[in-house]
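Asks: Pasting a structure here, questions to come.
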Amino acid sequence: AQSVSQHNHHVILSEAASLELGCNYSYGGTVNLFWYVQYPGQHLQLLLKYFSGDPLVKGIKGFEAEFIKSKFSFNLRKPSVQWSDTAEYFCAGGQLEEDNNDMRFGAGTRLTVKP
Amino acid sequence: DVKVTQSSRYLVKRTGEKVFLECVQDMDHENMFWYRQDPGLGLRLIYFSYDVKMKEKGDIPEGYSVSREKKERFSLILESASTNQTSMYLCASSSLVLAGNEQFFGPGTRLTVL
């Protein structure tokens with residue numbers, strides 16, 4: 001079955017530390033991959049997405065992710081986190097096919113950045 | 001900007017009641033989705049729809065039904081609410097023609113069933 005897994009449930013970092021959140025997917029074929037962020041009290045919003053081309057994807061607020069097909073991974077990175085990055089992060093994957101428009105989400109990783 | 005709105009931010013219902021959650025999107029998207037979000041479980045897909053009057057079951061459809069009579073509106077129905085349906089419900093929409101097929105989310109409805 002198609003699935004997306006996130007390895008870390010809760011990550012605590014100090015400001016200026018580097019961040020890497022793991023994400024693995026189990027899809028075969030052409031896959032679209034996403035990272036969404038949910039700030040406290042706000043709705044989910046897209047950080048970045050991969051659907052073709054350069055496997056290193058840059059998103060908003062200094063985030064990036066690398067699609068590594070051989071490892072079925074799409075890890076999220078940021079070189080230096082800020083207190084305002086405290087949020088929950090969700091990896092998601094789906095296949096853009098005519099009869100398959102659904103997407104699967106990981107369980108989420110809660111990031112706490114200490115000032 | 002795409003806007004996805006949900007009829008209520010907070011809802012409290014009693015066990016056995018019929019509950020309607022409404023979702024409206026204003027970008028003429030073909031696809032609409034209902035998820036529930038629970039701590040430690042992420043988002044789980046309940047139902048989705050890729051066209052008016054079309055619906056597909058997601059991973060956890062039991063106890064829920066949906067209705068899509070108009071393209072912009074997708075309703076989630078709890079026929080007889082139970083306490084294990086207490087959760088945050090998120091609606092999303094996406095376009096078939098938008099590259100990458102990203103989903104746009106509403107603010108969520110926090111449902112409590114007593």
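Asks: Output the residue which, of all residues in segment A:33-86 that are over 14 Å from A:Glu20 (Cα atoms) and among the aromatic types (Phe, Trp, Tyr), is most open to solvent (accessible area, probe 1.4 Å).
Replies: A:Trp83
Asks: What pairs can you find where one residue is in segment B:47-75 and within 16 Å of B:Val19 (Cβ to Cβ), the other is among the acidic types (Asp, Glu) and open to solvent by 30 Å² or more (accessible area, probe 1.4 Å), and their Cβ atoms are less than 6 Å apart, with a gap of 6+ or different chains?
Replies: B:Ser75/B:Glu22
Asks: Given the conditions (1) modelled with pLDDT of 95 or more; (2) farther than 15 Å from B:Ser7 by Cα, which single one is not true for B:Ser95?
Replies: (1)
Asks: Which one is nearest to the other protein chains (Cβ to nearest Cβ), of the residues in segment B:8-41 that are assigned to a strand (DSSP E or B) and free of Cβ contacts under 8 Å to residues at least 60 places away in the same chain?
Replies: The initial filter retains those residues of segment B:8-41 that are assigned to a strand (DSSP E or B), namely B:10-13, B:19-25, B:31-38.
From the residues that got through so far, the ones that are free of Cβ contacts under 8 Å to residues at least 60 places away in the same chain too are B:20, B:22, B:24, B:34-36, B:38.
Details: B:Phe20: 20, B:Glu22: 16, B:Val24: 14, B:Trp34: 11, B:Tyr35: 7, B:Arg36: 11, B:Asp38: 9 Å.
Checking each candidate, the answer is B:Tyr35.
Asks: With the condition kept exactly as written, say whether any residue in segment A:11-24 is open to solvent by 40 Å² or more (accessible area, probe 1.4 Å), under 16 Å from the mean Cα position of the chain (by Cα), more than 24 Å from B:Ile46 (Cα to Cα) and not aromatic (Phe, Trp, Tyr).
Replies: Scanning segment A:11-24, I find at least one residue that is open to solvent by 40 Å² or more (accessible area, probe 1.4 Å), under 16 Å from the mean Cα position of the chain (by Cα), more than 24 Å from B:Ile46 (Cα to Cα) and not aromatic (Phe, Trp, Tyr), so the answer is yes.
Asks: Filter segment A:1-10 down to the residues that are open to solvent by 50 Å² or more (accessible area, probe 1.4 Å) and in a strand (DSSP E or B) and list them by number.
Replies: Matches in segment A:1-10: A:Ser5, A:His10.
Asks: Among the candidates A:Phe51, A:Phe74, A:Phe63, which residue alone is touching a Cys at 6+ places or on another chain (Cβ under 6 Å), without any contact (Cβ under 8 Å) to a residue 60 or more places away in the chain and of a type outside the set (A, V, I, L, M)? Outline the logic, then answer.
Replies: Numbers: A:Phe51 fails: touching a Cys at 6+ places or on another chain (Cβ under 6 Å); A:Phe63 fails: touching a Cys at 6+ places or on another chain (Cβ under 6 Å).
A:Phe74 is the lone residue from the list that is touching a Cys at 6+ places or on another chain (Cβ under 6 Å), without any contact (Cβ under 8 Å) to a residue 60 or more places away in the chain and of a type outside the set (A, V, I, L, M).
The values are calculated or read from the model by the stated rules, or taken from the named source; none is laboratory data. Computed from a prediction, not measured in an experiment: that's the story for all the values here. Cβ: placed from backbone, ideal geometry, glycine included. Neighbour counts: every protein chain shown. Surface areas here come from the heavy atoms of the whole protein model, side chains and all, with no ligands, DNA or RNA. Shrake-Rupley method; radii C 1.70, N 1.55, O 1.52, S 1.80 Å.
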